[in-house]
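Student: Would you mind keeping the following structure in view while I ask a few things?
The values are calculated or read from the model by the stated rules, or taken from the named source; none is laboratory data. Small disclaimer: the values here were computed from a predicted structure and weren't measured. Here Cβ is always computed from backbone atoms with ideal geometry, including for glycine, and neighbour counts include all displayed protein chains.
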Amino acid sequence: MRKIAGAVGVSLAAAGLMLGATGVANAAATAFPDGGWVVGSEITPGVYEAHPYGYGPCLWQRLADNMAVIQEGDTHAATVRVTIAYGDYGFVSAGCGTWRKVADVAAPDPTPGLVGAAVVGSAVVGSTVLPMALPLLALGSAAA
């Protein structure tokens, strides 16, 4: 399995701690231990909870595909809740224990660019082009 934290490691900025690859998760797991994980192939998007060990902080980060930190946490709370989104590339944590999925998140709409558009043949024609295409469509159907 490919780990985000791999040989290079990922910095948890809040503690300045470098993590190596740790733990093992099944493909698209819904429960996983501390470590670095790729969203989609190793863990699934969703709302996760962990119950930290209690002797140190629970440190976690949601990561973009360029390894930029989307969101991070540094807490001593008894229960930690994090939403891992479909757009996240990875997730890394230390001192948090096992993360368990407690809820799903909505999948992104696969057709945001098609709002107000029509499909003509195999081409998507936007609403500004469709009025120009209608006479051609009518002409083509009259010739048949």
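Student: So which residues in the stretch 75-95 are in a strand (DSSP E or B) and surrounded by fewer than 14 Cβ atoms within 10 Å (Cβ to Cβ)?
Tutor: Just the residues of the stretch 75-95 that are in a strand (DSSP E or B), to begin with: 75, 80-84, 90-94.
If the condition is that a residue be in a strand (DSSP E or B) and surrounded by fewer than 14 Cβ atoms within 10 Å (Cβ to Cβ), then 81, 83 are the ones that fit.
Student: Right, next: What is the one condition in (1) over 13 Å from residue 50 (Cα atoms); (2) at pLDDT 65 or above; (3) polar (S, T, N, Q) that residue 98 does not satisfy?
Tutor: (1)
Student: With respect to residue 87, is the statement that it is within 15 Å of residue 29 (Cα to Cα), in the same structural domain as residue 35 (by TED's automatic domain parsing), under 14 Å from the mean Cα position of the chain (by Cα) and not polar (S, T, N, Q) true?
Tutor: Criteria not met by residue 87.
Student: Tally time: how many residues in the stretch 33-74 are surrounded by 14 or more Cβ atoms within 10 Å (Cβ to Cβ), outside any strand (DSSP E or B) and among the acidic types (Asp, Glu)?
Tutor: Summing the residues that are surrounded by 14 or more Cβ atoms within 10 Å (Cβ to Cβ), outside any strand (DSSP E or B) and among the acidic types (Asp, Glu) in the stretch 33-74 gives 2.
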